[in-house]
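To keep things clear, I will list the structure first and then write my remarks on it.
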Amino acid sequence: MPLPSLKSQFSQLISLPSISSVSPEWDQGNLNVINQLAEWLTELGFDCDVRPLESNPNKANLIAVLGSGPGGLVLAGHTDTVPYDEGKWISDPFKLTEQDDRYYGLGTCDMKGFFPLLIEAVTAFDKSDFKQPLIVLATADEESSMNGAREIAASGAPLARYAVIGEPTGLRPIRMHKGIMMESIRVQGRSGHSSNPALGNNALEAMHHVLVDLLDFRTELQAQNSNPAFKTAVPTLNLGHIHGGDNPNRICGYCELQFDMRLLPGMCNETVRNTLQQRLQRVSEQQNIDIQLQSLIHGVAAFSEPADSELVRMAEKLSGHSAEAVAFATEAPFLQQLGMQTIVLGPGSIDQAHQPDEFIELRQIDPCVKLLQQFIQHICL
Ligand SMILES: [Zn+2]
């Protein structure tokens, strides 16, 4: 059966809902997208391996291989999308809408749309041309747990020598991003009547000391670490959510704070977390109250591919842009763990990702297909 046209592939992928979310009421599987991609890639001569996630059998990664050899190229993308704002879209998020030289739809730019483009790029070659393998990696759950990429990394097998992740970067090569951690601090005190402080142990007052310490810690981290390649050159710590107590005339018995931290390449999530743990221990002793630090998500490490790696050089030459740093996290650290030189480079703009009326500009399509063909030509042929 011949492959559908590029536009029809776009339209079919957008019509298959594959939202991933840490909120169970939004979370969906991605098998529909994975199976569709496997069907098209099989048609092109790829050997397709659909691997259900150990953490969730309704989700799967796809590893599709064309050719063999010790080197080769991985073109990687995630098959899930974020949830959408009901009522804020002009068009139906699950129906591809072409207007103003753009394709609108959920996942057009972030990033189901990358797959039709790489399929288009591959059709220019003959299967017998490949001297090194071309591998398409389609993952699950990038927008939530990153469990798809985590399981690929845990499986341990190097897939190829190079990996290009097609997240929306306006076709500019990206070789650095910050890590991300989301943490919660829970202060457990004791409530009691407000008229006599001795009746309780005020969690809100202890949280005040936690907050002071946390902001001091941030100041120290920012004084010690900076990287001018990033728009926000320092590591960040954002206080995002706090809740404690119930009534003005009751001693606050429990208080919880949630925050995120985004560390620079070269900084280690675990090390920073351990230091934080020790500092909180000190506050806990000084205030004589129970303080627990708990991770809300499995963190993602910061990512940095050396400026002089072969892949960075190749990408700079082929794209005509110097490699840059971005503010968003990707699956790159997990692919790099497998020993692959890794960059992020794909069509569309991150400004349109995670927004109502997400779109990709049609003028990005041809340059992206040509660029992917050049990568394939250089690495696989
Ligand atoms: Zn994405």
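By the scheme Lys and Arg +1, Asp and Glu -1, what is the net charge of all other residues having a beta-carbon under 13 Å from that of residue 12?
Working: positive: 7, 95, 112; negative: 39.
Local net charge: +2.
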Please report the base-10 log of the normalised intensity I(q)/I(0) for region 250-381, using a Debye sum with one equal scatterer per alpha carbon and no solvent, at each q in 0.14, 0.18 (1/Å). -0.84, -1.14
Å³ per residue of the Cα convex hull, for region 337-381? 94
Name the residue, out of 370, 88, 131, whose mean-square fluctuation peaks in a Gaussian network model built on the chain with Cα pairs under 10 Å. 88
In order through region 307-323: 3J(HN,Hα) via Karplus (6.51 cos²θ - 1.76 cosθ + 1.60), integer Hz, x for Gly, Pro: 4, 9, 5, 4, 5, 4, 4, 4, 5, 5, 5, 5, 8, x, 10, 6, 5
Charges only on Cβ, +1 for Lys and Arg, -1 for Asp and Glu: so what's the dipole of region 60-147 about the Cα centre, in debye to the nearest 20? 380
Once Lys and Arg are counted +1 and Asp and Glu -1 for all other residues with Cβ under 10 Å from that of residue 251, the total becomes +1
What is the sum of charges around residue 52, taking Lys and Arg as +1, Asp and Glu as -1, for the other residues whose C-beta is under 13 Å from the C-beta of residue 52? -2
Going by average Cβ density within 10 Å per residue, which order do the peptides 35-41, 94-100 take, highest to lowest? 35-41, 94-100
Helical mean residue ellipticity (222 nm; -39500 (n - 2.57) per DSSP H run of 4+; nearest 500) of the chain: -9500 deg cm²/dmol
In whole Å, what three semi-axes, largest first, describe the equivalent ellipsoid of region 126-246 built from its Cα gyration tensor (square root of 5 times each eigenvalue)? 48, 20, 11
According to the square roots a ≥ b ≥ c of the eigenvalues of the Cα gyration tensor, what is the shape class of region 130-196, taking rounded for a/c under 1.5, prolate for a/b larger than b/c otherwise, and oblate for the remainder? prolate
May I have the extent of the alpha carbons of the chain along their three principal axes, as whole Å values ordered from largest to smallest? 82, 45, 39
In whole percent, and with a 1.4 Å probe on the protein chains, what portion of the accessible area of the chain is carbon and sulfur? 47
Mind jotting down the distance between the C-alpha centroids of region 157-227 and region 85-105, whole Å? 35
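How would you classify region 1-51 from its alpha-carbon gyration tensor, with a ≥ b ≥ c the square roots of the eigenvalues: rounded for a/c under 1.5, else prolate if a/b is greater than b/c, otherwise oblate? Intermediate values should be presented prior to the final figure.
Numbers: a/c = 4.40, a/b = 1.68, b/c = 2.61.
Taking the square roots of the gyration eigenvalues as a ≥ b ≥ c, region 1-51 is oblate.
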Listed residue (376, 323, 309) projecting farthest to the positive dipole end of region 244-381, Cβ model: 309
Taking the chain as the reference, fit the longest principal axis to its C-alpha atoms, fit the long axis of helix 6-15 to the helix C-alpha atoms, and give the angle between the two in degrees, 0 to 90, nearest 10. 30
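The values are calculated or read from the model by the stated rules, or taken from the named source; none is laboratory data. For clarity, every value in this text was computed on a predicted model and none was experimentally measured. For neighbour counting, all protein chains shown are included, and Cβ atoms are generated from backbone atoms with ideal geometry for every residue, glycine included. Surface areas here come from the heavy atoms of the whole protein model, side chains and all, with no ligands, DNA or RNA. Shrake-Rupley method; radii C 1.70, N 1.55, O 1.52, S 1.80 Å.
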